């Protein structure tokens with residue numbers, strides 16, 4: 001779910017040599033092409049529009065060129081939201097899912113602190129975003145993940161290290 005720590009992990013894994021592709025950045029780039037301000041409501045509406053027009057795997061389709069042009073053996077995809085996105089990604093190789101869990105309070109606090117233009121400013125905005133994410137099917141990848149980490153009482157460093165160890169185990 002938004003604010004659980006996925007981007008924090010991705011940034012930390014980048015420093016360990018992994019290539020990172022952020023699905024949210026793909027939507028933000030699409031918004032930029034359309035001259036849309038990257039607010040939460042605008043990006044949410046665009047994400048839904050892309051899925052309605054191009055199918056439920058549309059956001060994964062946006063990152064295909066990055067995957068195809070990558071020379072990396074392992075790519076960390078940050079922000080998978082649905083099973084159809086996973087199916088798109090499976091065309092390029094093995095897909096393993098690591099779910100990151102955090103309480104509602106923890107996630108809201110993380111998002112307030114992060115301060116990205118599309119982060120919710122109020123509890124109401126936060127709940128609307130959660131509802132939108134649940135509506136596109138984010139609960140399925142979470143439920144079907146290969147492993148999970150609870151991020152309620154971890155430091156940033158602990159979260160990154162736990163994730164790194166999980167991925168390294170998968171690669172053995």
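A Förster radius of 41 Å, combined with the Cβ-Cβ distance separating residue 35 from residue 153, puts the computed FRET efficiency at roughly 0.45.
The Rg/Rh ratio of the stretch 6-171, with both radii computed over alpha carbons and Rh defined as the Kirkwood radius, is 0.93.
Using the number of other C-beta atoms within 10 angstrom as an exposure proxy, rank 34, 114, 129, 28 with the fewest first.
Listed from fewest to most nearby Cβ atoms, that is 34, 114, 28, 129.
Shown for 15, 83: other C-beta atoms within 10 Å of each C-beta, ranked fewest to most, produce the order 15, 83.
Reducing the stretch 91-115 and the stretch 131-172 to their Cα centroids gives an inter-centroid distance of 7 Å.
Dividing the summed -39500 (n - 2.57) terms of all DSSP H runs of n ≥ 4 by the residue count of the chain sets its mean residue ellipticity at 222 nm at -17500 deg cm²/dmol.
One chain, two ends: residue 112 and residue 49. Fully extended at 0.36 nm per residue, the span grows by 20.1 nm beyond their Cα-Cα distance. Secondary structure note: in the chain, about 0% of the DSSP beta bridges are antiparallel. Here the simple spin-label model places points 7 Å from the Cα toward Cβ, and for residue 68 and residue 101 these points are separated by 3.9 nm. Taking the number of Cβ atoms within 10 Å of each Cβ as an exposure proxy, the fewest-first ranking of 39, 155 is 155, 39. In the distance distribution for the stretch 15-108, Cα-Cα pairs more than 20 Å apart total 42 percent.
Each value in this text was obtained by applying a stated rule to the coordinates, not by laboratory testing. Just so it is clear, the structure is predicted and the values come from calculations on it, not from any experiment. No Cβ is skipped: glycine too gets one built from the backbone with ideal geometry, and neighbour counts run over all protein chains shown.
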